[in-house]
Structure formats: structure tokens, C-alpha cells
Amino acid sequence: MPPCCGPYCVARFRAVSLRAGLMVDTGAPYTYAPDTPQASLYRSALEQITRQSGIRFQVDYYPAPRIQQLFEVGKLDVEVGVHPSWRTLSPVGGFYTEPIGTVEYMLCFHPGQWRQVNHPADLKGWIVGTLHGQRYPEFDAAFASGLLRRDDAMTENELISKLRLGRNNVAILDRHQAEWLSHQ
């Protein structure tokens, strides 16, 4: 909501209902299946926006590629949890809110294989699980030079599965998800 609107603008937005897409292929704690009683971080953010602005959200759950398609043809008003850099080639640019949080990445190892990593060279020759389309500036040079091999997954769940199955030596995962998974 624009900061200059004041109370008039808030009253005007109370009647607004937007169609929002949540990804079913994003791991907890960002989203859960629609019938799960837990409130995800994204769902909680939408509820907070509703409390503060009066804007209501009709939430629908789809795989991430479907959400982008529906947004681009105007069937969804909001793509929740999308970083602007992911849509630089999209025909529909949209606009972006202030971030609702920051992403902090962690290296996730197989149990018993943890090691101190101060620089990507400490993992020389390893296969590193990453998310398709995601940039990891600290590792870009190591991937480009062949020092590390990047193995992309389409979703966080696929990334974790590849790590569990030993197809990657290590995976780069969002700290919130890594912490949530470690408690499961």
C-alpha cells in the first residue's frame, strides 16, 4: 500500500480481494499442503497483510511453474515468495513488495560427513545440490571454473531427495528450511 494514502486508502482497500498463488512444491516452513493445519510463513505473511490493510486473499495452491503461467495470463494477482530476479525474462514484470524476510543459505551435509567450509575450494571436486535458476554468488566462480559441479533440482523437495540418495555431496538450502528439516 502506498505510504501517502492515509486512512482513505486503507478504507478503499478493505473491499479488495486478490487471487494469490502458493507453491505446493516449496518445502516447509514456507508452505504446506492446503489441508495441513500448520500456518506456513507465506500464509502467515498474507494474513498479516490482511490484518493491516484489509486486503483479502483467495489462496490457491499450484506447482511453481503453473503459478507463473497463471500470473502471466492474469488468472492470479499475486505470486507469493517470488524474487524479482526470477522473473527478469517474464513478459509480465509485475511489481514487488518490500521483502517479507531475508534468505540465508546453509550447506547441508549427509549425517557424519560435515566439515568446516571457509571457502568453496574446501569442497573441491564435490557435487553441490542447488535450486534451478537460483544464483549463489559465493559459489559462482567455483561452478564456472569446474572446481565444483553444480547439480540443479527443480524444487527443495527434489534437492533434499538427491542429497538423501547420495546424488550430491552437499546441498545449499535456505536456513529456515534446513532448521525445520533438522527438527523433523
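Please treat every number below as a calculation from the coordinates, not as lab data. These numbers were taken from a predicted model, which means no experiment stands behind them. We place every Cβ from the backbone using ideal geometry, glycine too, and count neighbours over all the protein chains shown.
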First select every other residue whose beta carbon is under 10 angstrom from the beta carbon of residue 94; then total the charges, Lys and Arg +1, Asp and Glu -1. -2
How much length is gained on full extension from residue 132 to residue 161, taking 0.36 nm per residue of separation minus their Cα-Cα distance? 9.0 nm
Environment charge at residue 143 (Cβ cut-off 13 Å; Lys +1, Arg +1, Asp -1, Glu -1): 0
Quick calc, residue 16 & residue 69: beta-carbon distance into FRET formula, R0 22 Å, rounding 0.05, result 0.40
Separation between the residue 143 and residue 47 pseudo-spin-labels, each 7 Å from Cα along Cα→Cβ, expressed in nm? 3.5 nm
